[in-house]
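Here is the structure we will look at.
Coordinate-derived values only; no laboratory data. Because the structure is predicted, anything quoted here is derived from the model rather than measured. Neighbour counts are summed over all protein chains in view; Cβ atoms, including those assigned to glycine, are modelled from backbone coordinates with ideal geometry.
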Amino acid sequence: MPTPTHRSFAELVDRSASAFGGAVFLPRRHPHGGEPVTFDRLRDDVRALAAALLALGVRPGDHVGLVAENRYEWLLCDLACAYIGAVDVPRGTDTAAAEIAFILGHAGCRFVFVENQATARAVLDRKAEIPRLETVCVMVGPGGPGLLELDRLLEEGRARLAADPHALETTSAAIGADDLLTIVYTSGTTANPKGVMLTHGNVLSNIAMVEETLHFGREDVALSVLPSWHSYERIMDYAVLYAGAQLVYSDRRRIKEDLRGVQPTIFAAVPRIWEMLHDGIVNHCRKQKGAKGRLLGFLIENCRAVGGRRAGPVRRVAHGVLRRSVLPKLLAATGGRLRIAVSGGGALPAHVDECLLGMGIPILNGYGLTETSPVASVRRPHDNRPGTIGPPMPGTAIEIRDEQGRPLPAGQVGLIWIRGPQVMRGYYRNADGTAAVLADGWFNSGDLGCLEADGHVRITGRAKDTIVLSGGENVEPERIETAIKTSPFIEQAVVVGQDQKVLGALLVPDFEALEAEIPRSEWDARDGALHGSGVRELLRKELDRLITRDNGFRPIERIATFAVMTEPLTTENGLLTQTLKVRRHVVHERHGGAIAALFR
């Protein structure tokens with residue numbers, strides 16, 4: 001098992017500054033620019049802010065909200081809290097105001113960092129739902145009445161350290177591996193998210209695992225595009241800090257530009273981003289005409305065969321020639337220097353996986369959850385087997401068990417259980433939820449998979465209801481379905497979209513209400529579904545009316561495509577349980593064709 005080098009993040013910050021000093025850590029402070037930040041500057045700012053927080057009365061164990069997007073100030077506030085043992089509670093600014101209020105209120109946050117005045121107003125407008133809230137600090141721009149400003153706190157912290165250089169020593173030295181680092185709220189099976197409690201030791205052990213497995217170095221440049229508060233991006237950013245490499249903030253609008261301009265050696269992304277890169281290259285090849293078009297078409301086909309380990313001798317020889325002569329021009333879209341390309345946060349489509357590997361993009365498919373800090377397994381550069389998520393991380397055990405908790409042999413599909421030093425302490429203020437997934441140090445992921453004979457893991461599905469889109473976003477279908485069924489025209493709804501770009505739904509109308517609005521003669525019932533334009537227009541308007549930001553939904557929770565079914569879900573046809581809950585796996589089996597047609 002890899003041993004963490006440090007007991008706490010205070011030690012990690014100090015050690016990185018001592019080792020890498022004036023080297024640049026962040027070439028820019030946010031995705032659109034800003035002055036560079038060195039390792040020394042990061043350490044000095046972290047200590048100054050930590051000193052200011054102590055002066056304000058923030059103490060070890062206090063919960064501090066952190067609502068912002070990727071930027072230097074996010075990382076600064078995160079590490080300053082960690083430096084004095086405060087527990088940050090992070091979330092993005094695109095989160096619905098009601099959800100932010102629930103998270104901050106449930107966590108008992110007294111102090112909250114927000115990115116700007118707009119976010120501050122969103123928090124203060126719901127102050128009644130955050131009873132312990134005392135102080136709000138704005139990271140960027142002016143604060144306004146009753147608000148603190150980050151720049152002012154930094155000035156005060158520097159003055160305090162100038163007067164007493166040892167003001168932080170006692171507090172930071174007392175922090176240990178078992179102390180809480182963060183509470184990350186992740187979607188649950190109800191409307192309210194669950195707070196995953198991760199300790200310094202949980203996350204530091206995962207950093208050590210990533211380092212032992214992927215070997216980041218001082219010469220590396222990592223492009224950061226996923227939300228910093230998300231555990232997947234967070235562990236990659238920490239690993240870059242630990243290794244003395246460079247971290248370049250980007251966002252999804254700048255990916256193509258930054259891949260070419262930054263030329264990263266490390267890029268961690270969700271499957272949807274890898275799919276977009278794959279589709280861009282493939283579509284470019286398909287647009288070519290004549291002999292060039294035929295050559296590129298053969299190249300793509302050949303890459304997938306090679307990447308999928310199905311190529312014979314002739315194909316491998318041809319691939320060797322094309323890889324030297326043609327592929328470098330196509331791979332310029334990725335900057336041409338990628339040596340570590342990680343996919344996680346959802347299922348990587350097989351055709352994308354195989355084709356990118358065949359093109360020479362060393363894509364390492366991985367797996368994990370917020371509850372595992374997050375990385376539980378990843379493919380290795382020296383054994384990069386398509387279709388798998390690799391073997392467990394060093395010091396991590398993965399078992400496949402049946403529903404009774406009994407281990408299953410290699411090749412059999414069951415629930416994935418995980419044990420290791422990165423497994424969470426539990427869910428904050430949720431003893432029942434914790435007991436449901438933790439047993440004797442093992443964590444029940446709720447995912448289905450199987451172990452190969454040599455220990456590589458394959459994911460086969462999800463036992464829980466959470467839908468993970470190809471962009472890595474977690475969506476809880478029940479909450480959306482409940483809202484949809486408030487329509488007078490919709491009796492039942494099943495939201496679908498696992499590993500897709502968008503959500504879809506199977507709808508069963510209230511036939512009487514529908515007939516009162518649209519005559520049956522205009523329904524156009526065929527193949528178990530209603531296709532009439534009037535029916536579809538009516539239900540489209542209902543979906544757009546109900547699933548909105550004003551109603552507390554994120555843009556990704558919009559229903560982009562739907563089918564109107566003629567057969568209701570009942571206990572008699574096996575689509576509902578005796579307690580009238582949707583048997584989702586049966587719905588997917590019974591209506592697999594209709595669901596697949598939604599995403600063509």
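For the reader, a short list of remarks on this structure follows.
- Sorting the segments 28-40, 354-366 by their residues' average number of neighbouring beta-carbon atoms within 10 angstrom, most packed first, yields 354-366, 28-40.
- Note on the range 176-243 and the range 70-113: Cα centroid distance 15 Å, given to the nearest whole angstrom.
- Cα-centred dipole magnitude for the chain, charges only on beta-carbon of K, R (+1) and D, E (-1), debye, nearest 20: 2260
- Normalising the average separation of contacting C-alpha pairs (under 8 angstrom, six or more residues apart) by the number of residues puts the relative contact order of the chain at 11 percent.
- In straight-distance terms, cross-link reach from residue 329 covers every one of the lysines whose alpha-carbon lies under 30 Å from its own, apart from those fewer than eight places away in the same chain; here that gives 256, 287, 289, 292, 501.
- Oblate is the label for the chain, because the ratio a/c of its alpha-carbon gyration tensor axes (a ≥ b ≥ c) is 1.5 or higher and a/b is not greater than b/c.
- Overall form of the range 164-264 per C-alpha gyration tensor (a/c, 1.5; a/b vs b/c): oblate
- Charge dipole (debye, nearest 20) of the range 254-340; +1 at Cβ of Lys and Arg, -1 at Cβ of Asp and Glu: 320
- Rounded if a/c under 1.5, otherwise prolate or oblate - the range 476-598, Cα gyration tensor axes: rounded
- Highest average packing first - 327-334, 302-309, 490-497, Cβ atoms within 10 Å: 490-497, 302-309, 327-334
- Debye, to nearest 20: dipole size of the range 1-176, +1 on Lys, Arg Cβ, -1 on Asp, Glu Cβ: 140
- Euclidean distance between Cα centres, the range 8-43 to the range 269-315, Å: 39
- Sorting the segments 526-532, 61-67 by their mean number of nearby beta carbons within 10 angstrom, highest to lowest, gives 61-67, 526-532.
- Cα lying deepest toward the dipole's positive end in the chain, options 347, 586, 173, charges on Cβ: 347
- Between the range 528-576 and the range 398-429, the alpha-carbon center distance in angstrom: 35
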